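Report on the following structure.
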Amino acid sequence: MKLHDDLVMEIISHLPLKLAVQCKVVSKNLNHWISDAKFSHTLFQHQKVNTLFFSSGGASVIRRELQRIFRNGRLIVPTIQHQTTSPFRFRVISVCNGLLLLDFIELGTFCVFNPVTGSHQLILYPQHYRHMRCGQAGLFVDYPVSDQYKLITVERLDQGKGYKFHLLSSSSSSGLWHEFQINNNSKPVHLHDSLHWLTATGRILSFDIKRQEATILDPPDLLNIHHNPKRRCGRGPRIIYSSNEWLVKVQGQLTLVCTYHKSSVIVAYDCQSRNWRVSPILDQRIRTVLPTCINGKQVLFLVVDGYLYEYDSHINTYKKVAVYREEYGFPSSMYPFKPSLAPVHETLISTRVDAKHLPGIGEGVDQSRDFTLGDIEGQCDDSSRTIQRRASS
Amino acid sequence: MASTTETKQKKMLILKSADNDEFEIEESVGVQSETIKNLVEDGFTFVPLPNVYTKALIKIIDYLKKHANKTDSNDEEIKTFDKDFVNTTFDDLFELVSAANYLHISCLMNMLCQTIADRIKDKSPEAVRKIFHINCDYTPEEEAKIRKANAQAFEGQFDESLD
């Protein structure tokens with residue numbers, strides 16, 4: 001008998017992600033449905049998908065590896081380090097709605113990449129961005145509302161004169177970046193539809209995608225009470241997740257985790273009331289911040305020496321939840337990743353990437369995909385494993 | 001003390017299949033189906049099921065009876081029953097999945113979909129088309145393009161069989 005189309009889709013949504021995607025080749029109708037956001041929603045309801053964490057080592061030190069830590073229930077499974085054999089160094093610099101933003105530093109090229117579908121788009125840095133060496137970029141993916149995404153870069157102007165933003169929309173056929181300057185400090189900061197960066201002096205730069213506005217937000221003065229001798233000044237603020245502070249969005253609040261020599265404090269900004277809330281002081285140094293999502297609820301995990309702590313912003317308390325072993329590593333920036341079928345647009349013809357670099361980029365992208373898919377399907381193995389160098393390379 | 005329920009009159013329902021066979025079942029068994037439950041709540045005791053054929057209905061009634069008596073002690077027994085229940089051809093599974101969908105029996109729906117999904121897991125796209133009776137509407141060029149875009153998914157050996 002011939003099954004009703006809805007039932008065929010229902011069955012396919014029970015397939016492991018990789019195989020469901022493979023069904024795109026069965027027929028045009030299936031391809032259309034599988035690419036639909038609604039299907040993706042059903043699919044992920046049936047699948048026990050792990051949240052992956054991507055890290056790229058230190059923000060200034062670029063290492064040829066991706067680390068992953070995935071959570072299984074409440075336990076952290078050991079980190080598996082992945083060596084990539086791509087001839088080009090790249091790092092994950094932003095993650096949004098299932099798409100990764102990779103940065104191929106030597107090539108001056110960004111790569112928007114969906115590890116589930118394997119499609120990627122190459123985008124050249126905005127002009128002069130490459131030479132700044134201290135800029136940051138972020139990815140905003142509008143999926144499933146639309147199939148569009150936007151790439152935003154932020155860089156410091158010379159002599160501390162402020163900051164400059166560039167925006168490129170996937171709907172743009174010209175591939176041209178648009179430039180924005182910071183307007184003024186008094187505009188409200190929105191959490192949704194915004195990207196945020198932290199400067200080394202602790203200021204928060206915010207770019208609102210929908211309104212196309214850039215603003216600066218300053219954390220409360222009281223953070224200065226905790227004197228921090230390590231804070232770098234002088235050369236002007238670099239735009240990085242500085243080593244003492246991290247900026248994450250959890251529970252609908254912009255949350256800044258500040259850690260000092262022997263203590264830590266968390267401040268959360270409520271965009272509606274425009275108020276900061278300060279947590280109790282934790283008498284320990286936080287090594288790593290892991291924002292994640294459990295059963296649809298955002299939770300902030302903190303790695304303190306030897307232990308994993310959960311911070312609950314509603315009741316404003318810390319709770320020790322698990323042992324955290326040193327060998328899991330202490331990456332300085334972590335991006336939680338949930339797979340989606342968000343489409344990636346094709347690289348524009350005007351994007352001039354030297355053809356001889358394409359195989360190397362492809363290799364890096366392929367390996368990120370193998371790495372991601374292996375974990376999405378929950379094949380937890382505790383040992384380290386390394387992708388074999390391909391015979392051809 | 002154990003037999004107080006015996007004296008109570010059990011409420012019964014009559015289900016009528018698409019090929020006009022009638023089956024009498026206990027109401028408590030039938031209401032595991034959301035569709036039947038809604039009709040019972042509206043006062044019906046005679047339930048025509050124009051989309052469910054006798055062959056599938058017999059199997060589904062078996063399933064409902066088994067699952068209505070679920071306790072902690074017969075867990076293993078039910079597992080064995082379920083395993084036998086889905087051990088059949090694709091076409092039979094499709095009949096059952098259509099019936100379970102019409103009757104809104106979500107646990108059965110899930111089990112059947114998962115079973116079929118597990119069985120098509122290693123199949124080639126050609127085999128999947130045949131199993132689902134789907135016509136390929138791609139031109140060879142279009143198909144090659146989409147395979148290329150998803151190249152990694154198409155590595156390894158496929159199972160071409162249709163059972």
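The values are calculated or read from the model by the stated rules, or taken from the named source; none is laboratory data. Everything quoted here is computed from the prediction, not taken from an experiment. Using ideal geometry, Cβ is built from the backbone for each residue, glycine included, and neighbour counts are taken over all protein chains shown. We work out accessible area using only protein heavy atoms, side chains counted, and drop any ligands, DNA or RNA first. Shrake-Rupley method; radii C 1.70, N 1.55, O 1.52, S 1.80 Å.
Structure notes:
- Test: residue in the stretch B:77-87 that is within 7 Å of chain A (Cβ to nearest Cβ) and modelled with pLDDT of 90 or more: no
- Annotation: of all residues in the stretch A:21-35 being within 7 Å of chain B (Cβ to nearest Cβ) and farther than 16 Å from B:Lys121 by Cα, the one that is surrounded by the fewest Cβ atoms within 10 Å (Cβ to Cβ) is A:Lys28.
- Taken over the stretch A:267-287, the criterion of being assigned to a strand (DSSP E or B), more than 18 Å from A:Asp221 (Cα to Cα) and open to solvent by 60 Å² or more (accessible area, probe 1.4 Å) is satisfied by A:Arg287 alone.
- Any hit, the stretch B:111-123, residues being in a loop (DSSP other than H, G, I, E, B) and within 24 Å of A:Val25 (Cα to Cα): yes
- Members of the stretch B:49-65 found to be open to solvent by less than 70 Å² (accessible area, probe 1.4 Å) and either touching a Cys at 6+ places or on another chain (Cβ under 7 Å) or farther than 18 Å from B:Leu112 by Cβ (or both), listed by number: B:Thr54
- Some residue of the stretch B:74-95 being open to solvent by less than 30 Å² (accessible area, probe 1.4 Å) and touching a residue at least 40 places away in the same chain (Cβ under 8 Å): yes
- Checking each residue in the stretch B:12-49 for being in a strand (DSSP E or B) and over 14 Å from B:His67 (Cβ atoms) picks out B:Met12, B:Leu13, B:Ile14, B:Leu15, B:Lys16, B:Glu22, B:Phe23, B:Glu24, B:Phe46, B:Val47, B:Pro48.
- Residue check, A:Phe88 more than 11 Å from chain B (Cβ to nearest Cβ) and at pLDDT below 75: no
- For the stretch B:15-26, the set of residues classified as of a type in the set (D, E, K, R) and in contact with a helix residue (DSSP H, G or I) (Cβ under 6 Å, 6 or more places away or on another chain) consists of B:Asp19, B:Asp21, listed by residue number.
- Residue under evaluation A:Arg211, criteria (1) surrounded by 15 or more Cβ atoms within 10 Å (Cβ to Cβ); (2) at pLDDT 85 or above, criterion not met: (1)
- When residues of the stretch B:129-150 are limited to those that are closer than 24 Å to A:Asp370 by Cα and at the interface with another protein chain (Cβ under 7 Å from one of its Cβ atoms), the one modelled with the highest pLDDT: B:Glu143
- You will find that of A:Leu256, A:Leu290, the residue that is of a type in the set (A, V, I, L, M, F, W, C), surrounded by 18 or more Cβ atoms within 10 Å (Cβ to Cβ), modelled with pLDDT of 80 or more and in contact with a strand residue (DSSP E or B) (Cβ under 7 Å, 6 or more places away or on another chain) is A:Leu256 and no other.
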